[in-house]
Amino acid sequence: MNSAETVSTSFRASKDKIERIDAVAAALGRSRNWLLNKALDDILEHQAWFVAEVGKGVEAADRGEFASPDEVTATFNKYGA
């Protein structure tokens, strides 16, 4: 990414949170900026996946595809719920 493609922004975070960010960045031998961009990339990727998966579930529900009561019970029993 070159500087022509970046935009500066700011946000507020607790002192403790910034200290933790800086500690992780130092442990990785990276800058705070690098770590924050990596974190943003990771969360954006995860959120895109999550939204897509929820969409698939909604589409399945719209088609009437639901788990049967026996399937629900078996899953609950499997995980001790």
> Hey, any hits in segment 23-38 for a residue that's on the phi > 0 side of the Ramachandran plot and at pLDDT 95 or above?
Replying inline: yes
> Where in the chain are there helices (runs of 4 or more DSSP H), lying wholly inside it, with at least 2 residues that are among the hydroxyl-bearing types (Ser, Thr, Tyr)?
Replying inline: 69-78
>> Contact list please: Cβ distance under 8 Å, first residue in segment 61-76 and surrounded by 10 or more Cβ atoms within 10 Å (Cβ to Cβ), second residue not small (Gly, Ala, Ser), pairs at least six apart or on different chains.
In response: 67/75
> Quick check: is even one residue across segment 50-59 under 30 Å from residue 19 (Cβ atoms) and free of Cβ contacts under 8 Å to residues at least 12 places away in the same chain?
Replying inline: yes
> Before we move on, is residue 17 without any contact (Cβ under 8 Å) to a residue 40 or more places away in the chain, surrounded by 10 or more Cβ atoms within 10 Å (Cβ to Cβ) and not aliphatic (A, V, I, L, M)?
Replying inline: yes
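The values are calculated or read from the model by the stated rules, or taken from the named source; none is laboratory data. Note that this is a predicted model, so its numbers are computed, not measured. Methodologically, a virtual Cβ is constructed for each residue, glycine included, from the backbone with ideal geometry; neighbour enumeration extends over all protein chains shown.
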